[in-house]
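Inspection log for the structure reproduced underneath, given as structure tokens.
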Amino acid sequence: MSVSQLKKIDGAPRTDQQTQRKIVIAVDGPAASGKGTLAKMMAQRLGYAYLDTGAIYRAVALATLEMGGDPSNVADVEPALEMIKRNLTPELLANPILRRPEVSEASSKIAVLPQVRISLLEYQRDFAKNPPGDVGGAVLDGRDIGTVVCPQADIKFFVTADPEERAHRRFKELQRQHPELTPEKILYDIILRDQRDSSRKVAPTLAAADAYVLDTTKLSPAEVLDEAIQIARARFLAASDNGI
Ligand code: DC
């Protein structure tokens with residue numbers, strides 16, 4: 001996209017009247033890398049819609065568990081998948097129960113199933129193309145947004161951090177509600193999930209060839225946001241008068 005195709009309305013870039021196409025920002029990366037925090041902050045800063053695609057996998061995983069199913073068995077997962085697809089709401093995706101360790105584990109099992117991935121593609125692509133509300137674009141975070149869901153995204157980030165740092169962050173996040181967890185157990189789970197997410201045959205966690213890689217190990221969320229905004233500005237907001 002050329003810079004001349006963009007103009008700024010209400011502080012956020014929009015496509016011109018001719019195409020009406022929305023801006024798409026893809027944020028991928030492994031568990032607890034900071035991709036969700038960055039994606040949410042970017043969406044807020046730009047006034048774009050935000051979709052946490054991991055929460056969709058988590059919602060399907062939780063529904064499978066609640067139905068007494070095995071998250072590795074596609075026949076058990078399918079009824080949960082259909083039910084969640086009919087009831088996908090922002091409230092459902094924000095449910096804190098989705099963050100429970102057993103749901104994390106189950107979600108990485110269902111994410112291996114090609115039927116599940118294919119079935120969720122349309123919703124994610126439709127969100128990117130027609131984000132809810134009168135907004136100029138969408139920020140989606142996940143594992144395969146820049147590679148599979150939105151390979152034509154206007155800008156792609158791949159967010160990483162050392163596994164130890166990611167485990168430390170997850171420990172801080174979960175420690176109050178789950179006093180039984182230790183940093184070692186969380187590190188073990190993260191490494192296991194990384195392996196499962198990156199070695200699966202369909203849409204493994206992977207940086208797109210044209211993604212900007214951001215290592216957040218030593219950075220605060222505000223520093224990561226600054227870096228991403230600078231990249232975005234250089235990439236497609238350079239000609240804007242207003243800045244972001
Ligand atoms: O980002 P997260 O930890 O909330 O994701 C939960 C699981 O869902 C994770 O194990 C990988 C999977 N996932 C995926 O395969 N593709 C996505 N676009 C998002 C998440």
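The values are calculated or read from the model by the stated rules, or taken from the named source; none is laboratory data. As the structure is a computational prediction, the values presented were derived from the model and not from experiment. Note: ideal-geometry Cβ built from the backbone for every residue, glycine included; neighbour counts use all protein chains shown. In case anyone asks, the SASA skips ligands and DNA or RNA and just uses the protein heavy atoms, side chains included. Shrake-Rupley method; radii C 1.70, N 1.55, O 1.52, S 1.80 Å.
Here the stretch 111-133 is the region considered, the condition is being among the aliphatic types (A, V, I, L, M) and not in a loop (DSSP other than H, G, I, E, B), and the residue that is farthest from P204 (Cα to Cα) is A128. Inclusion of K40 among residues that are more than 30 Å from A232 (Cβ to Cβ) and open to solvent by 30 Å² or more (accessible area, probe 1.4 Å) is not warranted.
From the list V60, V27, the one residue that fits, being assigned to a helix (DSSP H, G or I), more than 8 Å from the ligand (Cβ to nearest atom), at pLDDT 95 or above and buried (at least 24 other Cβ atoms within 10 Å of the Cβ), is V60.
Considering only the stretch 117-133, state which residues are under 21 Å from S198 (Cα atoms) and either without any contact (Cβ under 8 Å) to a residue 12 or more places away in the chain or more than 9 Å from the ligand (Cβ to nearest atom) (or both). Correct list: I118, S119, L121. Within the stretch 74-83, not a single residue is in a loop (DSSP other than H, G, I, E, B) and open to solvent by 20 Å² or more (accessible area, probe 1.4 Å). Can you find even one residue in the stretch 170-179 that is open to solvent by less than 60 Å² (accessible area, probe 1.4 Å) and within 13 Å of the ligand (Cβ to nearest atom)? Yes: one or more hits. Taking the criterion of being within 16 Å of the ligand (Cβ to nearest atom), open to solvent by 10 Å² or more (accessible area, probe 1.4 Å) and either assigned to a strand (DSSP E or B) or free of Cβ contacts under 8 Å to residues at least 24 places away in the same chain (or both), the residues of the stretch 134-167 that qualify are K156, F158, T160. If you go through the stretch 44-56 and keep only what is open to solvent by 20 Å² or more (accessible area, probe 1.4 Å) and part of a helix (DSSP H, G or I), you end up with Q44, R45, G54.
The set of residues in the stretch 180-191 being open to solvent by less than 60 Å² (accessible area, probe 1.4 Å) and either among the acidic types (D, E) or in a helix (DSSP H, G or I) (or both) consists of P183, I186, L187, D189, I190. Residues in the stretch 192-206 that are under 15 Å from R170 (Cβ atoms) and either among the small types (G, A, S) or surrounded by 16 or more Cβ atoms within 10 Å (Cβ to Cβ) (or both): R193, D194, D197. The single residue among L181, L192, L214, L237 that is among the aliphatic types (A, V, I, L, M), modelled with pLDDT of 85 or more and over 21 Å from the mean Cα position of the chain (by Cα) turns out to be L181.
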